[in-house]
Amino acid sequence: MPHILIVDDEPGTSWALAEGLSDDGFTIDTFAAAEDAWHWLRSHRSDLVISDLRLPGMSGLDFARKLARSRHRQPVIIVTAYGSPETLRELEAAGVVQCFPKPFRMDQLRWAVRQALAGTGARAATRSASPCAVRPRRKAA
């Protein structure tokens, strides 16, 4: 059974991700901080990470970079309410295989999870589409 590690400081988002993906038979652990997830990975294994971009302490981007440089080379998917062209380039350079703007459609995320898990190494077979499809959040008028 594939294991997914979810890192999001918003309990509602973390819960929705875990509920939506556990229906597909995945084993899931959730953390509110990337540092806690990193510590957990010292003695556990995960097949995929889904992380928020903005987290207290270590960001999702920094976590993806750290994973890419370590023995933990599982695919990373980012979900975020914030994005910029520069951030998207940084996420791609860090090896993030897909990004989703909040709010996202669960069916699309499920598809990306299956594609990432079917890939080999840190890069999944999602390269046919833009790896980071995050649109910048519009400012209120």
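The values are calculated or read from the model by the stated rules, or taken from the named source; none is laboratory data. Only a predicted model underlies this, so the values are computations on that prediction, with no experimental measurement involved. Every residue, glycine among them, receives a Cβ derived from its backbone with ideal geometry; neighbour counts consider all protein chains shown.
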### Summary
The one condition Thr87 fails out of (1) in contact with a strand residue (DSSP E or B) (Cβ under 7 Å, 6 or more places away or on another chain); (2) of a type outside the set (D, E, K, R); (3) surrounded by 15 or more Cβ atoms within 10 Å (Cβ to Cβ) is (1)
### Filtered residues of region 5-53 (kept if closer than 17 Å to Ile77 by Cα and small (Gly, Ala, Ser))
Ser14, Ala16, Ala18, Gly20, Ser22, Ala32, Ala33, Ala34, Ala37, Ser46, Ser51
### Task
Return the total of residues in region 23-49 being more than 20 Å from Lys102 (Cα to Cα) and small (Gly, Ala, Ser).
4
### Task
Of all residues in region 22-51, count the ones that are in contact with a Leu (Cβ under 8 Å, 6 or more places away or on another chain) and in contact (Cβ under 8 Å) with a residue 60 or more places away in the chain.
3
### Task
For region 11-52, enumerate the residues that are among the acidic types (Asp, Glu) and either at pLDDT 95 or above or within 12 Å of the chain's Cα centre (by Cα) (or both).
Asp29, Glu35, Asp36, Asp47, Asp52
### Message
All but one of (1) touching a residue at least 60 places away in the same chain (Cβ under 8 Å); (2) out of contact with any Leu (no Cβ under 7 Å at 6 or more places or on another chain) hold for Ile4; state the number of the condition that does not hold.
### Response
(2)
### Task
Just give me the residues in region 1-45 being surrounded by 17 or more Cβ atoms within 10 Å (Cβ to Cβ), hydroxyl-bearing (Ser, Thr, Tyr) and in a helix (DSSP H, G or I), in sequence order.
Thr13, Ser14
### Residue under evaluation Val96, criteria (1) within 19 Å of Arg69 (Cβ to Cβ); (2) modelled with pLDDT of 90 or more; (3) in contact with a Gly (Cβ under 8 Å, 6 or more places away or on another chain), criterion not met
(3)
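Report yes if Ala37 is aliphatic (A, V, I, L, M) and within 12 Å of Leu5 (Cβ to Cβ), otherwise no. Can you show your working first?
Values: aliphatic (A, V, I, L, M): yes; within 12 Å of Leu5 (Cβ to Cβ): yes.
Considered against the rule, which asks whether it is aliphatic (A, V, I, L, M) and within 12 Å of Leu5 (Cβ to Cβ), Ala37 comes out as yes.
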